[in-house]
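A.B. asks: I am attaching a structure below and will ask some questions about it afterwards.
The values are calculated or read from the model by the stated rules, or taken from the named source; none is laboratory data. If you're wondering where the values come from, they're calculated on a predicted model, not measured in any experiment. All Cβ positions, even for glycine, are placed from backbone atoms using ideal geometry, and neighbour counts span all protein chains on display. Heads up: the accessible areas ignore ligands, DNA and RNA and are worked out on the full protein's heavy atoms, side chains in. Shrake-Rupley method; radii C 1.70, N 1.55, O 1.52, S 1.80 Å.
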Amino acid sequence: MEKKSFVLKGNIVFSGENKELYSMEGGYIVCENGICRGAFEKLPQQYEKLPITDYGDKIILPGMTDLHVHAPQYTFRGLGMDLELLDWLNVHTFPEEAKYVDISYAKRAYGNFVSDLKHSLTTRACIFATLHRKATIMLMNLLEESGVVSYVGKVDMDRNGGENLCEADALTAAENTKKWIDETAGKYERTKPILTPRFIPSCTDELMMALAKLQKTTGLRVQSHLSENPSEVAWVKELVPAAKNYADAYAIFDMLGDKEHPAIMAHCIYSEDEMDLLKEHGVYVAHCPESNLNLSSGIAPIRKFLEDGIAVGLGSDVAGGSSLSMAKALTLAVQVSKMYWRLIDENSKPLTFAEAFYLATAGGGSYFGKVGTFLDGYEFDAVVVEDHISKEVRKYTPIERTQRMMYDENLMTVCAKYVAGYECKL
């Protein structure tokens with residue numbers, strides 16, 4: 001995959017700086033050495049000599065960012081959706097993740113995951129692996145080959161993981177994580193490590209403190225789970241009684257990140273009393289609406305986060321979510337926000353389609369820097385899609401076509417993908 005300068009022509013849809021949607025029929029997007037130089041209705045003269053790929057009537061969208069997904073859970077997506085979080089973890093998740101000690105099993109499973117991720121709308125992802133070091137490195141190798149840009153975490157857990165899914169103790173877990181970081185240092189261009197304590201119930205105080213020391217010496221970012229389920233929140237209160245709330249438990253162990261090394265916290269459904277801490281530390285909320293429905297967790301107050309200036313992106317949360325589809329995450333974000341407004345707080349306006357599109361692209365993409373739109377100066381991530389919509393009866397604008405595809409993925413085929421200026425061979 002070679003980074004080049006080029007122009008794409010087609011029907012373009014992207015977000016502006018204020019979350020508004022822009023579109024152009026038969027427009028041009030310019031990529032210059034991996035950086036977008038803007039979208040234009042008429043190609044500027046200085047770019048006329050660049051090679052042009054004309055995608056005709058197809059739609060060109062910014063690549064989407066999956067801010068929270070569990071690669072080893074891809075094998076059992078769609079199963080156990082009648083259970084709540086903690087039961088679902090014990091019945092399905094932990095027994096499955098224990099299988100990744102077998103490197104041949106991991107190779108087959110991760111191969112399927114990466115292949116399907118490559119052919120999706122996703123160009124960037126933040127991914128949980130398992131606690132197994134060798135299997136995690138295999139996942140990173142496969143992702144690097146795919147062209148998708150990612151953060152990948154070797155999961156840390158030294159308690160409450162069930163049979164065959166706990167490291168011996170905090171020292172062993174921290175040493176294995178340090179060894180994994182050393183083994184992968186400087187090895188990849190598109191794949192970065194991220195510290196991944198699964199969540200407070202799976203990590204002893206000693207492990208959290210050891211990971212905090214490791215974070216300081218490496219400068220790595222952190223990803224974990226926060227305030228997803230009422231039973232989980234109550235459990236954390238028992239485990240860390242000194243903490244004012246769940247987010248404060250991470251802060252006590254100095255694992256909530258800072259604005260230079262922002263942490264990703266998935267879910268944050270019961271985080272209204274944690275918002276000051278989230279904002280202070282520059283935390284990114286990974287909103288996972290399908291998972292929250294499937295596991296009966298609740299509805300996150302996303303409008304309140306946005307109004308308070310908290311960074312928000314979307315996550316598929318496979319296998320709490322049933323697929324890698326960021327289209328589904330986008331549309332469900334709108335739907336659950338409407339239920340939040342109707343059933344919980346009538347002063348909290350539902351998300352618009354344009355706002356949810358922004359969260360799926362530039363909102364989550366900002367975790368990776370200037371990513372997720374076709375404005376000048378952003379890294380060039382683009383997905384070319386063909387919509388199978390009958391246009392014989394009426395005409396649709398590019399935004400209407402995009403909206404229909406997001407709500408009905410049967411209408412959509414991914415035809416091409418570009419990540420940071422590289423074309424991924426699909």
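A.B. asks: Does the range 260-292 hold any residues that are touching a strand residue (DSSP E or B) at 6+ places or on another chain (Cβ under 6 Å), assigned to a helix (DSSP H, G or I) and open to solvent by less than 10 Å² (accessible area, probe 1.4 Å), and which are they?
C.D. replies: Answer for the range 260-292, where residues must be touching a strand residue (DSSP E or B) at 6+ places or on another chain (Cβ under 6 Å), assigned to a helix (DSSP H, G or I) and open to solvent by less than 10 Å² (accessible area, probe 1.4 Å): just S291.
A.B. asks: Limited to the range 164-218, what total is found for residues that are outside any loop (DSSP other than H, G, I, E, B) and open to solvent by 90 Å² or more (accessible area, probe 1.4 Å)?
C.D. replies: Counting residues in the range 164-218 that are outside any loop (DSSP other than H, G, I, E, B) and open to solvent by 90 Å² or more (accessible area, probe 1.4 Å) gives 9.
A.B. asks: Can I ask one more? Can you tell me which residue among L359, L375 is open to solvent by less than 60 Å² (accessible area, probe 1.4 Å) and not in a helix (DSSP H, G or I)?
C.D. replies: The match here is L375.
A.B. asks: Shifting gears a bit: Looking for something in a loop (DSSP other than H, G, I, E, B), surrounded by 15 or more Cβ atoms within 10 Å (Cβ to Cβ), touching a strand residue (DSSP E or B) at 6+ places or on another chain (Cβ under 6 Å) and not aliphatic (A, V, I, L, M) - is there at least one such residue anywhere in the range 4-15?
C.D. replies: Within the range 4-15, one or more residues are in a loop (DSSP other than H, G, I, E, B), surrounded by 15 or more Cβ atoms within 10 Å (Cβ to Cβ), touching a strand residue (DSSP E or B) at 6+ places or on another chain (Cβ under 6 Å) and not aliphatic (A, V, I, L, M).
A.B. asks: Condition check: free of Cβ contacts under 8 Å to residues at least 60 places away in the same chain, over 22 Å from G63 (Cβ atoms) and of a type in the set (F, W, Y). Does Y100 satisfy that?
C.D. replies: Yes; evaluated as a whole, the condition is true for this residue.
A.B. asks: A further question on this structure: So for the range 304-324 (the condition being open to solvent by 20 Å² or more (accessible area, probe 1.4 Å), more than 19 Å from A362 (Cβ to Cβ), under 13 Å from the mean Cα position of the chain (by Cα) and modelled with pLDDT of 95 or more), does at least one residue qualify?
C.D. replies: yes
A.B. asks: While we're looking at this one, here's another question. Looking at T75, T65 in this structure, which one is open to solvent by 30 Å² or more (accessible area, probe 1.4 Å), under 24 Å from E145 (Cα atoms) and among the polar types (S, T, N, Q)?
C.D. replies: T75
A.B. asks: Out of the range 90-106, which residues are out of contact with any helix residue (DSSP H, G or I) (no Cβ under 9 Å at 6 or more places or on another chain), surrounded by 16 or more Cβ atoms within 10 Å (Cβ to Cβ) and either modelled with pLDDT under 95 or of a type outside the set (G, A, S) (or both)?
C.D. replies: F94
A.B. asks: If you don't mind, another one. Please verify whether the range 343-363 includes one or more residues that are touching a residue at least 12 places away in the same chain (Cβ under 8 Å), in contact with a Lys or Arg (Cβ under 6 Å, 6 or more places away or on another chain) and among the acidic types (D, E).
C.D. replies: Scanning the range 343-363, I find at least one residue that is touching a residue at least 12 places away in the same chain (Cβ under 8 Å), in contact with a Lys or Arg (Cβ under 6 Å, 6 or more places away or on another chain) and among the acidic types (D, E), so the answer is yes.
A.B. asks: Still on this structure, I have one more. What number of residues in the range 23-56 are under 16 Å from G372 (Cβ atoms) and in a loop (DSSP other than H, G, I, E, B)?
C.D. replies: The qualifying residues number 1.
A.B. asks: While we're looking at this one, here's another question. If you take the residues in the range 399-418 that are open to solvent by 60 Å² or more (accessible area, probe 1.4 Å) and touching a residue at least 40 places away in the same chain (Cβ under 8 Å), which one is farthest from I59 (Cα to Cα)?
C.D. replies: Y407
A.B. asks: Answer with yes or no whether E346 is part of a helix (DSSP H, G or I), among the acidic types (D, E) and open to solvent by 60 Å² or more (accessible area, probe 1.4 Å).
C.D. replies: Answer is no for this residue.
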